[in-house]
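The values are calculated or read from the model by the stated rules, or taken from the named source; none is laboratory data. This one's a predicted model, so the numbers in the text were calculated from it and none came from an experiment. No Cβ is skipped: glycine too gets one built from the backbone with ideal geometry, and neighbour counts run over all protein chains shown.
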Amino acid sequence: MSATIRYFENSILVNIDGELDHHSASLIRAGIDEAVIRCRPQKLTLDFSGVGFMDSSGVGLVMGRYKLMKAVSGEVEITGLSPLALKMMRLAGIERIVSIKENVSV
Amino acid sequence: MNGKIKPLNTMKLVIESRSVNESFARNTVAAFAGQLDPTVGEISDIKTAVSEAVTNCIVHAYPDKVGLIYITAKTDESGTFTVCVKDCGTGIKDIKLAMTPLYTTQQGERAGLGFAVMESFMDRVKVHSVYGNGTKITMSKYISGK
């Protein structure tokens, strides 16, 4: 599991790779939050295209980052979801709080 | 139906409630389910449901200690795969409330979707819990196969 963080002028792009569960989510969360707190971007994009497996911890990861971005007056965008990951995000109604994009835009 | 459906094969797995074991548990159970020749989608559904059940044991059943998680699985002649995840932890006070989507007792990062995912990805989910004594989740799925 890895999260590669790339910085742009007003946004941060995070490419998540590997199997995303309760264990691995806890390993990448701090790095993402540290980047957000330091840069206070207007947009945080989480790219799931490298995620081979995801359970509801992926939804929790998005919900937690939404709360953090809201606190710095920014928004969250998610992209690269597999059909299964999309099904899980929709179970939580995540589209009401973050935008789901088919392709990465920074 | 004539008589009882015979099991084809069974397995047992006992793991400690350490989060690093989540991937081990789901991948082991998925490898066993592979004997029914499931589709990639069916395997993903089983992996996800097992991951949720095992994570519940780690996060909720044994919040402050490491306990044991007992996983059994079976395949049967009808092509049904059944997996049971049991713990001897805290148990659930109100099962109906615990199964409500987005409900969680945790302050942190849990989405409150564990049971909703299990019910959505498996055909049948049965929860038996005694508050203070542990929880047993039995889930089954008919495998249409390739």
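Suppose the filter is within 14 Å of another protein chain (Cβ to nearest Cβ), touching a helix residue (DSSP H, G or I) at 6+ places or on another chain (Cβ under 7 Å) and either farther than 26 Å from B:K47 by Cβ or exposed (fewer than 15 other Cβ atoms within 10 Å of the Cβ) (or both); does A:I97 pass it? Spelling it out, A:I97 is indeed within 14 Å of another protein chain (Cβ to nearest Cβ), touching a helix residue (DSSP H, G or I) at 6+ places or on another chain (Cβ under 7 Å) and either farther than 26 Å from B:K47 by Cβ or exposed (fewer than 15 other Cβ atoms within 10 Å of the Cβ) (or both). Residues considered: B:T82, B:T100, B:T72, B:T55. Of these, the only one that is among the hydroxyl-bearing types (S, T, Y), closer than 17 Å to B:G112 by Cβ and within 14 Å of the chain's Cα centre (by Cα) is B:T55. Within segment B:106-146, the set of residues being surrounded by fewer than 17 Cβ atoms within 10 Å (Cβ to Cβ) and aromatic (F, W, Y) comprises B:Y131, B:Y142. Checked against (1) away from chain B (no Cβ under 14 Å); (2) closer than 21 Å to A:R96 by Cβ; (3) among the charged types (D, E, K, R); (4) surrounded by fewer than 16 Cβ atoms within 10 Å (Cβ to Cβ), A:K67 meets all criteria but (1).
Take the residues of segment A:48-64 that are away from chain B (no Cβ under 11 Å) and farther than 15 Å from A:I94 by Cα: which is surrounded by the fewest Cβ atoms within 10 Å (Cβ to Cβ)? Among them, the one singled out is A:S49.
Apart from one condition, A:V106 fits all of (1) surrounded by 13 or more Cβ atoms within 10 Å (Cβ to Cβ); (2) modelled with pLDDT of 95 or more; (3) more than 26 Å from B:N27 (Cβ to Cβ); the exception is (2).
B:G108 satisfies every condition listed in (1) closer than 30 Å to A:R29 by Cβ; (2) away from chain A (no Cβ under 14 Å) except (2). Consider segment B:65-78 and keep the residues that are β-branched (V, I, T) and crowded, with 22+ Cβ neighbours inside 10 Å. The one that is farthest from B:I137 (Cα to Cα) is B:I69. Considered as a group, the residues in segment B:29-64 that are more than 12 Å from chain A (Cβ to nearest Cβ) and free of Cβ contacts under 8 Å to residues at least 24 places away in the same chain include one that is surrounded by the most Cβ atoms within 10 Å (Cβ to Cβ), and that residue is B:G34. Looking only at segment B:15-28, which residues are crowded, with 21+ Cβ neighbours inside 10 Å and farther than 20 Å from B:F121 by Cα? Answer for segment B:15-28, where residues must be crowded, with 21+ Cβ neighbours inside 10 Å and farther than 20 Å from B:F121 by Cα: just B:S17. Within segment B:81-105, residues that are within 17 Å of B:A49 (Cα to Cα) reach partners that are surrounded by fewer than 19 Cβ atoms within 10 Å (Cβ to Cβ) and of a type in the set (F, W, Y) with beta carbons closer than 7 Å, at six or more positions or on different chains, in the pairs B:K86/B:Y70.
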